[in-house]
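This report concerns only the one structure given below.
The values are calculated or read from the model by the stated rules, or taken from the named source; none is laboratory data. Source: prediction; values computed, not measured. Methodologically, a virtual Cβ is constructed for each residue, glycine included, from the backbone with ideal geometry; neighbour enumeration extends over all protein chains shown. Heads up: the accessible areas ignore ligands, DNA and RNA and are worked out on the full protein's heavy atoms, side chains in. Shrake-Rupley method; radii C 1.70, N 1.55, O 1.52, S 1.80 Å.
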Amino acid sequence: MQPSPTKHHPGKAEKQEARTAKLLLIPAFMGLIFLTYLPLIAVFGISLFQWRVPGTPSFAGFDNYRFLFTEDFFFWTSIRVTLLYGFLSVAAGLVYSMIIALLLNRPIPGRAAFRTIFYMPFIIPAVATFLSWSLLYDGGGIINNIVVMFGGQRTHFLSNEQTIIPALAMVAVWTSGNLIVIKMAGLGNVPRTYLEAAEIDGANAWQRFWKITLPCMTPIIFYNMLMSLVTNMQIFVPSLLMAAGGGAGAGTVPESYLFMTFTMYRTGFINGLIGRASAISFIFFILVGIFTAILFITSKSWLFYEGGDPK
């Protein structure tokens, strides 16, 4: 007969620590409630109204959603270009940041200076970044001069429908200095004993990277992938600058700039359709939530933790 487990009675110090922890969590909970959950509920509520400012709102049920999915061509275009840009920029950014992090993790002269150089684009304001790259992408810019040198033809990359998304994704890759820094920290935590044992067993550099370094980096890769997906799907500045330069109507902005965030802005703040803009916003939230859930579910098959199964 097994002895019954002894019931734990928390002492005075432990109770005081628990009370302190709960008190310190109050600001975080207040922030979540008033800055996240209540605004989200309010957006969904507004999306159920037909409301053109400065008019009076009238309840319309799910008419805004029906219109978006059945009659609004630009809404489907916004979903397509947002997903295409999001996946392209995330994939390219993860590969680029891993390569640069591996190079900067080696004992090379001036490594600290190179780390600073690659991190700097991340902290440059988005407007300045886009305007600078627009000069490079211009018909007479450096990139076009290089293309002509190799026998290509000049094109304005930020006006051509076929090149807008890849060109903007390249800008996102260039500004992924935060991913590089995080990956460098992760590379520093890869156990040296694993790498040394593999080297003694005759594993070459590629085998050590693929079998040891990369699995140990999967938690960092998962975090970077998640944050990059959420961040890049909220792209807005290029669309706003294009609209400011050529008008905000759908006919003056190339379709590849009609990202969901810009579509919300144009619908709500330019056309004054607050209810419909709220519906787009809520759909965007659901879309990001779906891809985040997919990422969490699929990660169970490739995430590796040195200490074993986190469950």
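Would it be correct to say that Ile235 is in a helix (DSSP H, G or I), among the β-branched types (Val, Ile, Thr), open to solvent by less than 70 Å² (accessible area, probe 1.4 Å) and closer than 26 Å to Ala293 by Cα?
So Ile235 does not fit the description; no.
Output the number of residues of segment 286-305 satisfying the condition of being open to solvent by 70 Å² or more (accessible area, probe 1.4 Å), under 19 Å from Cys216 (Cβ atoms) and either under 15 Å from the mean Cα position of the chain (by Cα) or not basic (Lys, Arg) (or both).
Summing the residues that are open to solvent by 70 Å² or more (accessible area, probe 1.4 Å), under 19 Å from Cys216 (Cβ atoms) and either under 15 Å from the mean Cα position of the chain (by Cα) or not basic (Lys, Arg) (or both) in segment 286-305 gives 4.
Which of the residues spanning segment 192-201 are more than 22 Å from Ser301 (Cα to Cα) and open to solvent by 20 Å² or more (accessible area, probe 1.4 Å)?
Arg192, Thr193, Leu195, Glu196, Ala197, Glu199, Ile200, Asp201 - these are the residues of segment 192-201 that are more than 22 Å from Ser301 (Cα to Cα) and open to solvent by 20 Å² or more (accessible area, probe 1.4 Å).
What pairs can you find where one residue is in segment 256-279 and more than 27 Å from Ser89 (Cβ to Cβ) and touching a residue at least 24 places away in the same chain (Cβ under 8 Å), the other is open to solvent by 30 Å² or more (accessible area, probe 1.4 Å) and in a helix (DSSP H, G or I), and their Cβ atoms are less than 9 Å apart, with a gap of 6+ or different chains?
Ile274/Ile46; Gly275/Ile46; Gly275/Asp63; Arg276/Phe67
Among the residues of segment 238-247, write down those that are surrounded by fewer than 17 Cβ atoms within 10 Å (Cβ to Cβ) and either touching a Ser or Thr at 6+ places or on another chain (Cβ under 7 Å) or in a helix (DSSP H, G or I) (or both).
Ala244, Gly245, Gly246, listed by residue number.
Here is a yes/no grid of residues against (1) open to solvent by 60 Å² or more (accessible area, probe 1.4 Å); (2) closer than 27 Å to Pro254 by Cα; (3) out of contact with any Ser or Thr (no Cβ under 6 Å at 6 or more places or on another chain):
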residue: Thr155; (1), (2), (3): no, yes, yes
residue: Glu161; (1), (2), (3): yes, yes, no
residue: Gly177; (1), (2), (3): no, no, yes
residue: Ile180; (1), (2), (3): no, no, no
residue: Val190; (1), (2), (3): no, no, no
residue: Ala203; (1), (2), (3): no, no, yes
residue: Trp210; (1), (2), (3): yes, no, yes
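What tally of residues in segment 259-276 results from selecting those that are more than 16 Å from Leu240 (Cα to Cα) and either assigned to a helix (DSSP H, G or I) or β-branched (Val, Ile, Thr) (or both)?
So the count comes out to 3.
Given the condition in a helix (DSSP H, G or I) and modelled with pLDDT under 85, answer yes or no: does some residue in segment 225-232 qualify?
No: zero hits.
Kindly indicate the residue of segment 81-103 that is crowded, with 16+ Cβ neighbours inside 10 Å and of a type in the set (Val, Ile, Thr) and also nearest to Phe209 (Cα to Cα) among those meeting that condition.
Per the stated criteria, the residue is Ile100.
Among the residues of segment 20-53, which ones are open to solvent by 100 Å² or more (accessible area, probe 1.4 Å) and in contact (Cβ under 8 Å) with a residue 24 or more places away in the chain?
Residue satisfying the conditions is Arg52 alone.
I'd like the residue in segment 22-55 that is in a helix (DSSP H, G or I) and among the hydroxyl-bearing types (Ser, Thr, Tyr) and, out of all such residues, is nearest to the chain's Cα centre (by Cα).
Thr36
If you go through segment 69-80 one residue at a time, do you hit one that is open to solvent by 80 Å² or more (accessible area, probe 1.4 Å), at pLDDT 90 or above, in a helix (DSSP H, G or I) and of a type in the set (Lys, Arg)?
Yes: one or more hits.
Could you please let me know if Ile100 is in contact (Cβ under 8 Å) with a residue 40 or more places away in the chain and out of contact with any Pro (no Cβ under 8 Å at 6 or more places or on another chain)?
In short, yes.
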